[in-house]
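> Sending over a structure as structure tokens; questions will come in a sec.
Just so it is clear, none of the values below were taken in a lab; they were calculated from the coordinates. All values reported here derive from a predicted model rather than from experimental measurement. So basically every Cβ, Gly included, is an ideal-geometry build from the backbone, and we count neighbours across all protein chains shown.
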Amino acid sequence: MSTVSSSEYAKCLFAIVLVSIGTFSGCSPSDQFGTIKAEGTVTLNGQPLSDAHVWLLPKAKTHQEATLVVRPQGRTGLDGKFVLTTYYQDDGAPVGEYDAIVLHGENDPDAAAEESKSKTKRVAVPMKYKDAKTSGLQVIIKNGEMNAIPLDLKSK
């Protein structure tokens, strides 16, 4: 019969502790809320708004205090259409109520830097759509259906 030295025992115990810490801490799929497919269209004065960044800000405390941040977002194509992404590309958004913001042109920090390099003029989207408190855009994601989100912006 062989005996285990105390240093071998310590190494084995250390390895078990490391594996346990890695397994039981941090983020995992169980930290995520289930998502429902959701897509929409952004228009400005009835016209599709391309290259706009849409963000949904959760109203539910459970979403606000989640281990993994719940911030569904999407970017519009030339036709003004977008698909929401929360954790993985085009996975949708968790069920719930949200305030929406739309960033575009001057009110989008990312686009503003790109625009300064570009010679094309961008459409002016009112600054009120940059802030959830002033945008007036409300979105409800419902379970069991494809959620269509129309975001109709007005410049006047």
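> Of the listed pairs Lys37/Lys128; Lys61/Lys142; Lys37/Lys156; Lys61/Lys133, which have alpha-carbon separations greater than 23 Å here?
Numbers: Lys37/Lys128 27 Å; Lys61/Lys142 17 Å; Lys37/Lys156 32 Å; Lys61/Lys133 17 Å.
Violating the 23 Å limit, Cα to Cα: Lys37/Lys128; Lys37/Lys156.
> Give the order of Phe33, Phe82 when sorted by the count of other beta carbons within 10 angstrom, beginning with the fewest. Intermediate results must be reported in sequence, preceding the final value.
Details: Phe33 18, Phe82 24.
Listed from fewest to most nearby Cβ atoms, that is Phe33, Phe82.
> Among Ile140, Ile36, rank each residue by its count of other Cβ atoms within 10 Å, from fewest to most, as a rough exposure measure. Provide the component values of the computation, followed by the final result.
Working: Ile140 11, Ile36 20.
Ordered from fewest to most neighbouring Cβ atoms within 10 Å, Ile140, Ile36 come out as Ile140, Ile36.
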